[in-house]
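Colleague: Sharing a structure with you now.
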Amino acid sequence: MTDATPMPWLCVRGLSKRYAGHSVFEQLDLSVEVGETLAVIGASGCGKTTLLKILAGLEPADGGTIHINGRALDNSPPQARGAVYLYQEPLLFPHLNVFENIAFGLRVRKVPAATLHNEVDTLLTELAMSDFAHRDPASLSGGQRQRVAFARALVVRPALLLLDEPFSNLDPQARAAMQQLCKRLSAAYGSTVLFVTHDLKEALIMGTRYARLAAGHYQSYTDSAAFCADPATGVQAELAFWRDSTA
């Protein structure tokens with residue numbers, strides 16, 4: 001990268017990670033611009049979760065650099081990175097109601113009460129959950145709990161939203177609803193998103209850019225057409241299956 005070439009907003013260069021001598025990935029380069037959603041597909045165990053945890057500061061890398069908006073994050077603690085990591089399990093605080101779960105990050109940041117209530121109420125309306133504000137998490141469905149977890153992540157307006165197969169435990173109807181809600185709210189909040197999944201359809205729905213992680217190799221694609229055309233992604237095989245099954 002020359003001085004004349006601007007650094008991407010999220011710029012990862014030469015990232016390496018090993019566990020007990022086993023290489024998860026070596027020399028991984030990745031870039032995302034502001035407001036983009038990079039969808040990364042890969043089978044279980046390929047390193048998708050490890051990649052997100054390194055970006056969030058929850059796992060150390062063995063090599064490489066991470067920059068957000070030109071700022072080096074390699075030695076920054078999680079709370080200083082401006083990134084929020086959301087896992088597939090909606091880990092809500094059981095002793096807090098829905099409103100307080102969403103408001104938690106704002107209270108930690110000592111946001112003024114009026115602003116806090118306005119932000120949380122706005123999200124509850126967007127989630128169609130205003131009537132659930134005082135409910136306990138245990139009384140919610142899986143889809144409702146994931147909505148609350150997503151709202152809690154989004155309300156602090158993170159610079160980078162790291163989504164680790166967040167809808168994989170939901171039934172098809174709830175999953176489709178959460179995909180559309182996530183896309184709409186991420187766009188409305190101007191979020192930059194790294195979304196990892198093993199589901200091809202979900203990757204195509206969620207992404208504005210696409211990549212594949214397999215056997216330690218990271219492959220990015222210029223657009224959805226290039227992603228779909230690569231036999232390694234599995235899109236062509238899935239299309240062939242449906243063509244054959246309806247012939």
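Colleague: Would you point out which residue out of ARG157, ARG135 is within 22 Å of the chain's Cα centre (by Cα), in contact (Cβ under 8 Å) with a residue 24 or more places away in the chain and not in a strand (DSSP E or B)?
Modeller: Numbers: ARG135 fails: within 22 Å of the chain's Cα centre (by Cα).
Matching residue, one of ARG157, ARG135: ARG157.
Colleague: How do the helices (runs of 4 or more DSSP H) wholly within the stretch 169-247 filter down when requiring 3 or more residues that are without any contact (Cβ under 8 Å) to a residue 60 or more places away in the chain: which remain? Show your work before the answer.
Modeller: Values: elements: 172-188, 200-206, 224-229, 235-245.
Output list reads 172-188, 224-229, 235-245.
Colleague: Testing PHE195 on (1) among the hydrophobic types (A, V, I, L, M, F, W, C); (2) closer than 23 Å to LEU15 by Cα; (3) out of contact with any helix residue (DSSP H, G or I) (no Cβ under 9 Å at 6 or more places or on another chain), one condition comes back false. Which one is that?
Modeller: Exception for PHE195: condition (3).
Colleague: Hey, could you check the stretch 76-100 for residues that are surrounded by 14 or more Cβ atoms within 10 Å (Cβ to Cβ) and of a type in the set (Gly, Ala, Ser) and say which is nearest to the chain's Cα centre (by Cα)?
Modeller: ALA83
Colleague: What strands (runs of 3 or more DSSP E) completely inside the stretch 1-75 contain at least 3 residues that are open to solvent by less than 10 Å² (accessible area, probe 1.4 Å)? Walk me through it before giving the result.
Modeller: Numbers: elements: 10-19, 22-32, 37-41, 63-68.
It comes to 10-19, 22-32, 37-41.
Colleague: Consider ASP164 carefully, then state whether it is surrounded by fewer than 23 Cβ atoms within 10 Å (Cβ to Cβ), acidic (Asp, Glu) and more than 14 Å from the chain's Cα centre (by Cα). Even if it seems obvious, please write down each step before you answer.
Modeller: Numbers: surrounded by fewer than 23 Cβ atoms within 10 Å (Cβ to Cβ): yes; acidic (Asp, Glu): yes; more than 14 Å from the chain's Cα centre (by Cα): no.
For ASP164, the condition - surrounded by fewer than 23 Cβ atoms within 10 Å (Cβ to Cβ), acidic (Asp, Glu) and more than 14 Å from the chain's Cα centre (by Cα) - is not met.
Colleague: Is there any pair with a first residue in the stretch 18-47 that is more than 26 Å from ALA159 (Cα to Cα) and at pLDDT below 90 and a second that is among the aliphatic types (A, V, I, L, M) and assigned to a strand (DSSP E or B) whose Cβ atoms are under 9 Å apart and which are 6 or more apart or on different chains, and what are they?
Modeller: Short answer, once both residue conditions are applied: ALA43/LEU213; ALA43/ALA214.
Colleague: Say we look at the stretch 138-154 and pick out the residues that are free of Cβ contacts under 8 Å to residues at least 40 places away in the same chain and open to solvent by 30 Å² or more (accessible area, probe 1.4 Å); which of these is farthest from THR50 (Cα to Cα)?
Modeller: Ranking the qualifying residues of the stretch 138-154, first place goes to SER139.
Colleague: For the stretch 114-132, which positions are open to solvent by 70 Å² or more (accessible area, probe 1.4 Å) and part of a helix (DSSP H, G or I)? Steps first, answer last, please.
Modeller: Taking the stretch 114-132 as the starting set, the residues that turn out to be open to solvent by 70 Å² or more (accessible area, probe 1.4 Å) are 114, 117-118, 121, 125-126, 128, 131.
Those that are open to solvent by 70 Å² or more (accessible area, probe 1.4 Å) and part of a helix (DSSP H, G or I): ALA114, HIS117, ASN118, ASP121, THR125, GLU126, ASP131.
The values are calculated or read from the model by the stated rules, or taken from the named source; none is laboratory data. These numbers come from a predicted model, not from an experiment. FYI the Cβ positions are ideal-geometry reconstructions off the backbone, even for glycines, and counts take in every protein chain you see. Keep in mind that these areas ignore ligands, DNA and RNA; they rest on the heavy atoms of the full protein, side chains included. Shrake-Rupley method; radii C 1.70, N 1.55, O 1.52, S 1.80 Å.
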